[in-house]
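The next block holds one structure in the form of structure tokens; read it before the comments.
The values are calculated or read from the model by the stated rules, or taken from the named source; none is laboratory data. All figures in this text were calculated on a predicted structure; none of them were measured in a lab. Virtual Cβ from ideal backbone geometry, glycine too; neighbours counted across all protein chains shown. All accessible areas refer to the heavy atoms of the entire protein, side chains included, with ligands and DNA or RNA removed. Shrake-Rupley method; radii C 1.70, N 1.55, O 1.52, S 1.80 Å.
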Amino acid sequence: MSFTFLSRPAIVDAADAENTRARKRQRTNSASIRIHPNIPSFSTASNQPISRSAMRLTESECDSTLSMTPDSSVLPGPSSMPGGSSDSMGVTNGHTNGFGPTANGTSANGAVMGNGVSKHGKTVATVSLPGTTLYDDSFVDREEFVRLVIQSLRDVGYIESAATLEAESGYTMESPEVAQFRQYILDGMWAKAEAALMRLGVQEDEGLWDAKFLISRQKYLELLEAKKPTAALQVLRNELAPLNVDSDQLHTLSSLIMCSEPEDLRRRAGWDGASGTSRHQLLETLHDYIPSAVMIPQRRFSALLSQARAYQRQKCLYHNSILDSSNFSLYSDHRCDKSEFPRITTTILEVHTDEVWNIEWSHDGAYLASASKDKTAIIWRRGSSLDSGSPQDWSAHFILREHPYPVGCVSWSLDDSILLTSTDHVIKMWNAKTGTCIRTLEEHSDTVTAISWLPDGTGFISGGLDRRVIIWDSDGKVRDAWGTTAIRLTDLAVTPDFARLVAIGMEHTSGFPAASEPSNRGTQTGDTASAPAGNGATPFQRTAHKMMVFDLATKEPELSIRLEGDLTSVQTSQDSQYALVNHAPNEIHLWDLYTGQIACRYEGQTQGRHVIRSCFGGVDNNFVVSGSEDGNVYVWHRESGTLLEVLSGHGEGSVNSVAWNPNNPRMFASCSDDRTIRVWEAPPPGAYVSEPPLSEPSISASSSSVIEKGKGKTRQRADGNGVSASGTSFSATRL
């Protein structure tokens, strides 16, 4: 498509208080803290912190007999079930060094071994190995690795195997003091839990006060739940207040005393009670303050494997499949190839009689809406997927003709029952089930360049060259009309978290002529202003462009960045952190909305004269895809910015817009000045690209507003878009 552009509250949410620290201190990084070898060993007679050597079995402890049969009451280990008894946590630790594996108390390599433990009448000897790393050329610390293995074995229920590994390696997962601390928290023994904090290595400058606040807060809430307001008030005054807690937090906590019923307390505090998971959640939060070498974070091995999987997915340029146990293995690195990527044309839609400027999929992925210079919008009904093994049977479901000017934008409601279209300054609402016009809206005084439904589905938002932003109810009534902005908007997008509005456009200057007749939307306006359609363009002063980020609730700008070159489209990421902006000439920028910096640039496409739109796509939005003025579709890897594909097939003119199917990561569509829409899909397994000649089209535009639901005739592509697999030929369907 193308255009010619003429005081903080007094009470904070109690649910947030769980994660709010009592004092503004930097938390201990549980993923990176290591206990220095010079820290003294733990002694129950003092408050000295536990040292690393406390995680090793001493010779005298190895001499004792340890039963390898777990207590029948023990559940899978403390990582996943921190409520296990401290008596089942193993013994204290020591350390020996030597070399070589053992077999039933004997050494194959003459290594020095401890006296071991008894298992079914056989001795499990402690193996002494030289060095401290897992392998000679490894950076992995052996003790850390073994302790994580022990934790993982306990997590999945291999208690006896974990105990055997502790005996053979001389390491235990954690000290008895850590197990006792877990039990103190789970049993609600708050005074003992607080007293144990310093012994576990929590220092005042690393969050001791924060940890005490979290424990005292849990104690306070449980007393209120038990209907003991007097005792709870004593905790508030004598334990929480002395911690220099922010006054808003204290006010929020004190207001909970007014709760008459436990259910009301739990609801207002965002807390599930003493009998719920709150104590386990507290224990997990306290991991942030206790050195990880002392108290290993829960399921640490699993977390490391998840990080490895995420890294492999990020490095897999063509990743377009959901990772699960069926396609992700620890035995090999994850890698996808082009077979999962939509790079062949399976359907060509050519009912429009002029340039196609914009397209958008319905949220269920079953329909595609298109906007054209021919003053119509079309709702296309998607046929069967190529993955099903049969040709497509697309149809033009409705042709929406009641537009006085070319159609620039389309947008589906969240339930796909309403389709919005814009034509010059007019917005039309259509019943997507019947193809009838519900309402015509004319609040804007200049071309509407963007319409988008709000993330909560309660209405939609529009912006235009008149510098106005209007929020509408779902029935088409104006809910909120913003004052004029500093820019003539060329596009806008609301973040999925409903927190920000990202708008792009041209700085307003007096050099812009007043709106009169509808204008050709094919030309960018960074250098020229356009006269009415058909009269060409008139040069005038160059205009600066801006990207602005607004707080949607307050309407105040959070970010305003002045940029050189035209900005033609914007789309926000699913996590609400990034905005994808087409930036002429010939670039697409990925902006981090949190930092206000460019996170990645995508180059290769041609853009300088027309409005070109791009979008995210694929599994986890791994790809960026865009049209181009050279008639091709360009696809990049989102994380690295690597150009992956340049897809040809469209005829002369610009590819104006692209849209990825929200329910099928193996399908997207593109539209062009050549009057067609192309649907791109991944070839089925085992398929190869064929190059037969192209035949004549079989369906043309109908004079009726409702098109007959017939199927298009199959056409063979001469540009490599036909595919065949297992003897069956699949080729592009043309309507």
So if I restrict to the alpha-carbon atoms in segment 295-349, what is the Rg, and what is Dmax, the biggest pairwise distance, in Å? 15.7, 61
Taking the Cα centre of segment 240-360 as the origin, how large is its charge dipole in debye, to the nearest 20, when only Lys and Arg (+1) and Asp and Glu (-1) carry charge on their Cβ atoms? 740 debye
Ranked highest first by the average count of other Cβ atoms within 10 Å around their residues, in what order do 305-316, 543-554 fall? 543-554, 305-316
Tyr594/Ser161 FRET efficiency (R0 41 Å; Cβ-Cβ; nearest 0.05): 0.35
Within the set Lys433/Lys555; Lys373/Lys433; Lys433/Lys546; Lys375/Lys555; Lys373/Lys546; Lys192/Lys228, which residue pairs have Cα atoms separated by over 29 Å? Lys433/Lys555; Lys433/Lys546; Lys375/Lys555
Distance (nanometres) between label positions extended 7 Å along Cα→Cβ at Thr353 and His251: 6.6 nm
19 Å cut-off, amide nitrogen to a point 7 angstrom out along Arg401 Cα→Cβ, residues in segment 368-383: 370-381
Per-residue counts of other Cβ atoms within 10 Å, averaged by peptide: what ranking do you get for 239-247, 483-491, highest first? 483-491, 239-247
Linear extension gain, Ser260 paired with Thr132, 0.36 nm per residue minus alpha-carbon span: 40.2 nm
Please give me, ordered by residue number, the chymotrypsin sites (Phe, Trp or Tyr not before Pro) of segment 117-208 that lie in loop per DSSP and have at most 15 other Cβ atoms within 10 Å. Tyr135, Phe139
Quick one: Debye curve from the C-alpha atoms of segment 193-263, no solvent, what's log10 I(q)/I(0) at q = 0.15, 0.22, 0.26 Å⁻¹? -0.51, -0.93, -1.16
Which value, in Å², gives the accessible area per residue of segment 245-372 when a 1.4 Å probe is used on the protein heavy atoms? 46 Å²
For the residue pair Glu564 and Asp415, what label-to-label distance in nm results when each label sits 7 Å from Cα along the Cα-to-beta-carbon direction? 5.1 nm
Between Leu305 and Asp551, the two model label points (7 Å from Cα along the beta-carbon direction) sit apart by a distance in nm of 4.4 nm
For a Förster distance of 30 Å, can you work out the FRET efficiency between the beta-carbons of Ala366 and Ser648, rounded to the nearest 0.05? 0.60
Residue separation between Gln281 and Ile322 times 0.36 nm, minus their alpha-carbon distance, gives in nm 11.8 nm
For a quick protection proxy, order the peptides 431-443, 221-233 by their average other-Cβ count within 10 Å, most packed first. 221-233, 431-443
Per-pair calculated FRET efficiency, R0 = 51 Å: Arg335 and Thr458 via Cβ, rounded to 0.05: 0.70
